[in-house]
Number of protein chains: 2
Amino acid sequence: MIRGDGGRAIRAVLDRICDKWTMLVVATLDEGRLRFTELHRSIPGISQRMLTLTLRHLERDGLVSRTVYAEVPPRVEYALTTMGKSLIQPALTLASWAIEHNGQIQASRETYDDPAT
Amino acid sequence: MIRGDGGRAIRAVLDRICDKWTMLVVATLDEGRLRFTELHRSIPGISQRMLTLTLRHLERDGLVSRTVYAEVPPRVEYALTTMGKSLIQPALTLASWAIEHNGQIQASRETYDDPAT
DNA sequence: CAGTATCCGGTAGGATACTG
DNA sequence: CAGTATCCTACCGGATACTG
């Protein structure tokens, strides 16, 4: 199935979720709707710029909803849409694989990098 | 789980499979062991350079095995390792999600990009 | 608070040419 | 056949400063 369309299907997802922050933002929002600053605090290391960009992309793709409240000071809340939530399970499947095989991969790298072998 | 370690687990996979060609190479090798040129032909658009790099990374991570036959002209065969094969299922889960939601995402983008709205 | 604007360095990856 | 070696560019993403 992956190669069925010349890789376009799988690439469609990968292009969407494989940047540095998207999965992390989605995973964070899985715990509930959050404001911009709360997200910023919840994701260590992300810059304002990248958080904004990531959220805009997710909003454009319909994975995240953005709600602006007409208050002073302004309040903006982000939440996963139904489609956004549906991404969590496939992502978890992949995450499980990562956790399960991370040790083996690290070991393989050390062997590969070791000039003595 | 995704955020449990600050996103390191999921990022470990993503960093490994999210470059432009890795998943496609893995998926192609799922159909059987192949030589360099066969892979090159099977994956439209990939350059020799990127195919080599991708294969080296996969080999380093222990996902792909490389067998050199002492012949003239040289023959090199690539195949998925057991761990490499184990990546296929999680990848398929993600691919299914992609195929299932691609239409919805495209629609969302068009709405988002339409200045009339 | 929730962004935008600008600058800037590193790197992914394409094109091309060469080799054991 | 199965790669290296180089060059070159686009763009990802960090740092910083400014704003409704």
What is the angle, in °, between the Cα long axis of helix A:8-17 and the longest principal axis of the Cα atoms in chain A? Nearest 10 is fine, range 0 to 90. 60 degrees
Distances in nm from A:Ser96 to the matching label points in the other copies, shortest first (labels 7 Å along Cα to Cβ): 1.2
How high is the FRET efficiency between B:Arg35 and B:Ser86 when r is their beta carbon distance and R₀ equals 25 Å, given to the nearest 0.05? 0.60
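For chain B, count all C-alpha to C-alpha pairs, find those more than 26 Å apart, and express that count as a whole percent of the total. Don't skip to the answer; put the middle values down first.
Numbers: 2345 of 6786 pairs.
Summing the P(r) of chain B above 26 Å gives 35 percent of all pairs.
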Label geometry 7 Å along the beta-carbon vector: A:Arg33 inter-copy distances in nm: 5.7
Peptide ranges A:67-76, A:9-18 listed from the most packed, as the mean C-beta count within 10 angstrom indicates: A:9-18, A:67-76
Give the nm distances, rounded to one decimal, from B:Val68 to the matching residue in every other copy, measuring between label points 7 Å along Cα toward the beta carbon; shortest first. 6.1
Reach of B:Lys20 by Cα under 22 Å, taken over lysines that are not fewer than 8 positions away in the same chain: A:Lys20, B:Lys85
Taking the axis that carries chain B onto chain A, what is the nearest Cβ in chain B, and at how many Å, to the whole number? B:Cys18, 2
Kirkwood Rh in Å, taken over the protein assembly as shown so that all alpha-carbon pairs contribute: 19.3 Å
Quick one: angle between helix B:88-113 and the longest Cα principal axis of chain B, in degrees between 0 and 90, rounded to 10, please. 40 degrees
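What is the percent carbon and sulfur in the accessible area of chain B, measuring with a 1.4 Å probe over the protein chains and ignoring ligands?
Whole-percent figure for carbon plus sulfur exposure: 51.
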Can you pull the one-decimal nm distance between simple spin-label points at A:Leu53 and A:Tyr112, each 7 Å off the Cα toward Cβ? 2.7 nm
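The values are calculated or read from the model by the stated rules, or taken from the named source; none is laboratory data. Quick caveat: nothing in here was measured; it's all calculated off a predicted structure. Glycine gets a Cβ as well: all are built from the backbone with ideal geometry, and neighbour counts include every protein chain shown. Just the protein is used for accessible areas: all its heavy atoms, side chains included, with ligands, DNA and RNA removed. Shrake-Rupley method; radii C 1.70, N 1.55, O 1.52, S 1.80 Å.
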